[in-house]
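Heads up: the structure comes next, in structure tokens.
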Amino acid sequence: MNEYYGSLQEGLGVLKTLPWLMLTLFSVPLFLLAVWRRVYPHVPLVLAFLAPTLLTFALIVHPEWFFAVVLADLVFAGLAIVDLLTLPTQRTFSAERHSTRVASLGKSHPVELLLTNHSRRSFFVTARDDLPQEFTPTPEE
């Protein structure tokens with residue numbers, strides 16, 4: 001048991017002296033989610049993560065804050081996991097675009113975009129419409 005405690009103390013000593021390692025450990029999962037699932041954190045979550053990031057850099061000057069920094073990191077990692085688990089799936093929403101078949105140059109062309117939420121939860125959604133695939137823009141975008 002004493003041997004296990006000694007190796008744990010040694011590992012914690014390495015983390016205390018290398019705050020960059022802690023930042024990397026928490027950044028890699030976010031990077032993998034961005035690449036693999038195209039999931040990005042919402043701006044308030046990114047801003048909230050500034051607190052543990054600054055605390056991690058404070059370890060350079062105050063290594064005795066290590067356990068407070070680890071606690072803050074774990075709390076914010078828990079918040080990020082909860083945020084990730086509450087993300088809607090693709091089946092949660094459907095979108096329909098309605099427009100007239102003929103459009104005149106130089107005249108306004110009304111387009112209606114209908115987003116339907118199939119879940120019981122409400123979500124904050126930002127929608128951006130693009131040209132339909134069958135349209136050919138001139139000049140090229």
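The values are calculated or read from the model by the stated rules, or taken from the named source; none is laboratory data. Keep in mind that this is a model prediction, so the values were computed, not measured. Methodologically, a virtual Cβ is constructed for each residue, glycine included, from the backbone with ideal geometry; neighbour enumeration extends over all protein chains shown.
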Exercise. Just need a number here: residues in the range 42-55 that are under 11 Å from PHE76 (Cβ atoms) and in contact (Cβ under 8 Å) with a residue 12 or more places away in the chain.
Key: 7
Self-check item: Boolean, PHE76 is assigned to a loop (DSSP other than H, G, I, E, B), out of contact with any strand residue (DSSP E or B) (no Cβ under 9 Å at 6 or more places or on another chain), modelled with pLDDT of 80 or more and not charged (D, E, K, R)
Solution: no
Quiz item: Just to be sure, is PRO63 under 28 Å from PHE31 (Cβ atoms), surrounded by 13 or more Cβ atoms within 10 Å (Cβ to Cβ), at pLDDT below 85 and within 21 Å of the chain's Cα centre (by Cα)?
Solution: no
Exercise. Working only within the range 73-104, note down all residues that are basic (Lys, Arg) and in contact with an Asp or Glu (Cβ under 8 Å, 6 or more places away or on another chain).
Key: ARG97
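A quick yes/no check of all residues on (1) touching a Phe, Trp or Tyr at 6+ places or on another chain (Cβ under 7 Å); (2) at pLDDT 80 or above; (3) under 14 Å from ALA72 (Cβ atoms); (4) not in a helix (DSSP H, G or I):
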residue	(1), (2), (3), (4)
GLY6	no, no, no, no
TRP20	no, no, no, no
LEU23	no, no, yes, no
PHE26	no, no, yes, no
VAL35	no, yes, no, no
Quiz item: From the list LEU105, LEU87, LEU74, which residue is without any contact (Cβ under 8 Å) to a residue 24 or more places away in the chain and either surrounded by 10 or more Cβ atoms within 10 Å (Cβ to Cβ) or within 30 Å of LEU54 (Cβ to Cβ) (or both)?
Solution: LEU74
Quiz item: In the range 46-69, what residues are within 11 Å of LEU23 (Cα to Cα) and outside any helix (DSSP H, G or I)?
Solution: PHE49
Quiz item: Taking VAL125, is it under 25 Å from VAL43 (Cα atoms), in contact (Cβ under 8 Å) with a residue 12 or more places away in the chain and surrounded by fewer than 12 Cβ atoms within 10 Å (Cβ to Cβ)?
Solution: yes
Self-check item: Given (1) within 18 Å of the chain's Cα centre (by Cα); (2) exposed (fewer than 10 other Cβ atoms within 10 Å of the Cβ); (3) at negative phi, index of the condition ARG38 fails
Solution: (3)
Quiz prompt | Test result for LEU50, modelled with pLDDT of 80 or more and under 28 Å from GLN133 (Cβ atoms) | solution = no
